[in-house]
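The values are calculated or read from the model by the stated rules, or taken from the named source; none is laboratory data. Quick caveat, the model's predicted, so the values are computed rather than measured. Here the Cβ positions follow ideal geometry from the backbone for every residue, glycine too, while neighbour counts run over all protein chains shown. Surface accessibility is based on the protein's heavy atoms, side chains included, excluding ligands, DNA and RNA. Shrake-Rupley method; radii C 1.70, N 1.55, O 1.52, S 1.80 Å.
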Amino acid sequence: MTQPEAQTKHTTATQPVPIRILDTTLRDGEQSPGVALNHVQKLEIAHQLVRLGVDIIEAGFPIASPGDLEGVSRIAREVRGPVIAALARAGQADIEAAARGVEHADKPRIHIFIATSPIHMQKKLNLEPDAVIERAVQAVTLARTFVDDVEFTAEDATRSDWEFLSRIFNEVAKVGATTLNVPDTVGYTTPYEMRELFAFLKGRLPEHVIFSSHCHDDLGLAVANSIAAVQGGARQIECTVNGIGERAGNASLEELVMAFHTRQDVYAYSTGIQTRELYRSSRLVSRLSGIPVQPNKAIVGDNAFAHESGIHQDGVIKARETYEIMNAELVGREAAVLVMGKHSGRAAFRKSLSDLGYDLNDDQIKELFIRFKDLADRKGQLYADDLRALVDAHSDTPSLFSLISYQIAMGSGMQPMAFVRLNTPDGQKEAINTGDGSVEAIFHALNSASGITPQLETYRVQAVTRGSEALGEVNVTARYGETVAMGSGVSPDVVEASAQAWLAVINQITAGLGKSREVSQTTA
Ligand code: KIV
Ligand code: ZN
């Protein structure tokens, strides 16, 4: 079999070359259609990215909206360890906003971009190539007055003229850009082309600059193209958890990291990623972004480690390696099935959560234990995924409104009717309302009892584990005026999970934590 990569096979004595991981889940990932993370959710993801071990967190695009600026500043103030980057177009207002966003970071970075392909320069920017270079140089010079660490991106690089790329990169490097990003903005390139492009540029720029790749997945090649970029000389990869991002998304962090990890014999590269945090990161991002992970997704999909056919199962029982190239535990998915039931005590509960990688304080454990007992009473046994869903659906948003009880009345020929009793800041309140279905009826009843009427935008329900005993997890997004909020709920009963998710939305809106949705426009 021909194996082109075999040329790069290394001996065991070779030291792997370190590759920096820039995670852009909170910026490019947040540009996925329908995603609107508020600053609390962004912070939660940022803290998880620290546990995951990313080198750089691209925290947002501060000029896009006050909410984006707030999200970046909160991360810059509160998250320690990685470099915190903010994106900016090559203009003064953008750069000043980005500088404000990262000013309290220990390690701040401003990431500037301008388009360099003929089609973008002519049709979008209406600028001559020399004017683009001039603007890029001015932008990097200005950014350097705020921070030492400046990244420069030539947007649509893979459709740009290579000589022109080399020129613009050399000019911005002279005025202090230290990381040069070569994005495949429209997901158009191929691995061979990518590798050649990086090798070409690397030979034309000073040694000290770090080349970065940023690949979109329009042709399903983002991971392959990123690896090719590294083989051509890139030492930073920009990627997202679950591969979320504009259109078809970005290169998936977990796939890249596990490719390097699993195929050390051909890829002599290392990352600082704690692989055992991959699954948890994926779950968190999926829950907060509202974007489900496809079951057959590599590394983190439900089926990624499941063996269905008898031949495969037989093989795995005899020797795991017959059909498994990675160990599920290595990516944070336990092989041994963890079972907890109504007789499990708080210490066992705490230990199970800590084994699953959750670092929770006493108050959080106390609150979750009550929910756990209630679920265990109703469902019998809870598995690792049930526990994860329980914790993931738990929100630290102050619960001004909480559900005491509810009832649904429905039957053929009648409109479903819901009754709810809530704890509210003004004491207990009850309300009855109707809807086209039981879920809508309970949403309407919660609106009546709380006095807040968000408009439902998206509603998603999925089973946490398999079978009729499975917990249902509901994720909703809703709009309230200019604000968008997201909420989740988990319960053996889908109507109850829906009620919890809707109340989480109402609580977020009341606490002022919804995200104002303005155009998140990254066109340079
Ligand atoms: O895809 C792209 O070109 C980008 C840049 C702004 C980095 O996201
Ligand atoms: Zn992008």
Rounded to the nearest Å, what's the spacing between the alpha carbon centres of the stretch 285-303 and the stretch 136-162? Just the number, please.
33 Å
Karplus 3J(HN,Hα) series, Hz, for the stretch 117-130 with 6.51 cos²θ - 1.76 cosθ + 1.60 (x for Gly, Pro):
7, x, 5, 5, 5, 6, 7, 9, 8, 6, 10, 6, x, 5
Can you tell me the 0 to 90 degree angle between the C-alpha axis of helix 92-102 and the longest principal axis of the chain, rounded to 10?
60 degrees
Give me the extension gain from residue 409 to residue 50: residue separation times 0.36 nm, minus the current Cα-Cα distance, reported in nm with one decimal.
124.5 nm
For the stretch 124-238: rounded, prolate or oblate by the Cα gyration tensor [a/c cutoff 1.5]
prolate
Rounding to the nearest 20 debye, state how big the charge dipole of the chain is about its Cα centre with +1 on each Lys and Arg Cβ and -1 on each Asp and Glu Cβ.
660 debye
For the chain, which whole-number percentage of the solvent-accessible area (1.4 Å probe, protein heavy atoms only) is attributable to carbon and sulfur atoms?
50 percent
Rg and Dmax of the stretch 222-266, Cα atoms, in Å?
10.5, 33
Return the lysines within reach of residue 318: Cα separation strictly under 18 angstrom, same-chain partners fewer than 8 residues apart disregarded; answer none if there are no such residues.
none
Assuming R0 = 45 Å, can you tell me the calculated FRET efficiency for the pair residue 77 and residue 316, based on Cβ-Cβ distance, to the nearest 0.05?
0.40
Can you figure out the FRET efficiency of residue 15 with residue 207, using R₀ = 22 Å and their beta-carbon distance, to the nearest 0.05?
0.75
Can you list the aspartates and glutamates whose alpha carbon is less than 16 Å from that of residue 379, not counting same-chain residues fewer than 8 positions off?
469, 473, 493, 496
Quote to one decimal, in nm, the extra length available between residue 296 and residue 270 on full extension: 0.36 nm per residue of separation minus the C-alpha distance between them.
6.8 nm
Quick calc, the stretch 337-524, dipole around Cα centre from Cβ unit charges on Lys, Arg (+) and Asp, Glu (-), nearest 20 debye, gives 280 debye
Contour minus end-to-end for residue 436 and residue 350, with contour as 0.36 nm per residue of separation and end-to-end as the Cα-Cα distance?
26.8 nm
What share of Cα pairs, in percent, lie more than 37 angstrom apart in the chain?
35 percent
Tell me what the chain gives for mean residue ellipticity at 222 nm when only DSSP H runs of n ≥ 4 count, each as -39,500 (n - 2.57), the sum divided by the residue total, rounded to 500 deg cm²/dmol.
-11500 deg cm²/dmol
In this model, which of 124/202; 342/366; 297/351 are farther than 22 Å apart at the alpha-carbon?
124/202; 297/351
Residue 174-residue 329 FRET efficiency (beta carbon distance; Förster radius 51 Å; 0.05 resolution)
0.60
Overall dimensions of the stretch 319-463 by Cα: Rg and Dmax, Å
19.6, 62
Tilt relative to the chain, helix 346-355 - C-alpha long axis, 0 to 90 degrees, to 10
20 degrees
Ignoring everything but the protein chains, give the 1.4 Å probe accessible area of residue 414 in square angstrom, nearest 10.
80 Å²
The helix 384-393 Cα axis meets the longest alpha-carbon principal axis of the chain at an angle in degrees, between 0 and 90 and rounded to 10, of 90 degrees
Please give the per residue accessible area of the stretch 3-289, computed with a probe of 1.4 Å over protein heavy atoms only, in Å².
36 Å²
Just to compare against my own numbers: the Cα pair-distance distribution for the stretch 268-379, 10 Å bins, whole % per bin, please.
12, 32, 36, 18, 3, 0
Using the Cα gyration tensor of the stretch 1-136, with a ≥ b ≥ c the square roots of its eigenvalues, what is the shape: rounded (a/c below 1.5), prolate (a/b larger than b/c) or oblate (neither)?
oblate
